[in-house]
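Comments concern the structure below.
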Amino acid sequence: MMIDISNIIKLEGAKESFEGEVVFSEETDFGENIRLAKPVRVQGVMENLGGVFDFHAQGEADMVFQCARCLKEFTKTVTFSMDERFSKEGNEEYLKIEHNKADITDAVYMNLLLNLPQRVLCSEQCKGLCSSCGVDRNLSQCDCKKEEGDPRFAVLKNLLK
Ligand SMILES: [Zn+2]
Ligand SMILES: [Zn+2]
């Protein structure tokens, strides 16, 4: 997503607000079993701080995750905020402005990655899969005995024999 800053590029202290959607390609890597359900919604302000431009924005991404317990896919909205700097020259510290436009796509990607949860559950109450027969215990019950269902107990029981 490109932000046109021609209105503020010569005026120190001037601000340009923007709102829009950042589209990522299907191949964009967000991590194992994580993908975007929709383009990322972004809204924020670009401010001329005198040669350097402050990019401050909020992002909202609807993402498809896989539950760590039952392996079911579900959608969850990730919200995050961003604070980056742009300059005409661009360097390690500042992102580059080209033809009076700031491309915020990489900044949005990096900030979204930093804000992704490490381990996600479809619900705190998710019962997960039976470790013996693999049935989704949220949907149905199986005949496995609880004791035998936990592989750690099975190992213990065999040791005690
Ligand atoms: Zn689950
Ligand atoms: Zn079972």
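The values are calculated or read from the model by the stated rules, or taken from the named source; none is laboratory data. None of the values given here were measured: they were computed from a predicted structure. Note that each Cβ is placed from the backbone with ideal geometry, even for glycine, and that neighbours are counted across all protein chains shown. To get the accessible areas, we keep the full protein, side chains included, count just its heavy atoms, and leave off ligands, DNA and RNA. Shrake-Rupley method; radii C 1.70, N 1.55, O 1.52, S 1.80 Å.
Structural remarks
- Answer from 76, 101, 146 - the residue that is open to solvent by 60 Å² or more (accessible area, probe 1.4 Å), modelled with pLDDT under 95 and of a type outside the set (Phe, Trp, Tyr): 146
- Considering residues of region 14-46 that are small (Gly, Ala, Ser) and without any contact (Cβ under 8 Å) to a residue 24 or more places away in the chain only, the residue least open to solvent (accessible area, probe 1.4 Å): 20
- Complete set of residues in region 1-48 that are polar (S, T, N, Q) and within 25 Å of the chain's Cα centre (by Cα): 17, 25, 28, 33, 43
- Residues located in region 116-135, provided they are surrounded by fewer than 17 Cβ atoms within 10 Å (Cβ to Cβ) and either touching a Gly at 6+ places or on another chain (Cβ under 8 Å) or not in a loop (DSSP other than H, G, I, E, B) (or both): 116, 131, 132
- Sole residue being on the phi > 0 side of the Ramachandran plot and away from ligand 1 (no atom under 13 Å from the Cβ), chosen from 59, 50: 50
- Selection count, region 47-81, where residues are among the hydrophobic types (A, V, I, L, M, F, W, C), under 14 Å from residue 113 (Cα atoms) and touching a residue at least 40 places away in the same chain (Cβ under 8 Å): 3
- Taken over region 22-48, the residue count meeting the criterion of being in a loop (DSSP other than H, G, I, E, B) and of a type in the set (A, V, I, L, M, F, W, C) is 5.
- Test for residue 113: is it within 24 Å of residue 19 (Cβ to Cβ) and of a type in the set (A, V, I, L, M, F, W, C): yes
- Across region 82-98, the qualifying residues are those that are out of contact with any Phe, Trp or Tyr (no Cβ under 8 Å at 6 or more places or on another chain) and free of Cβ contacts under 8 Å to residues at least 12 places away in the same chain, and the one among them that is most open to solvent (accessible area, probe 1.4 Å) is 92.
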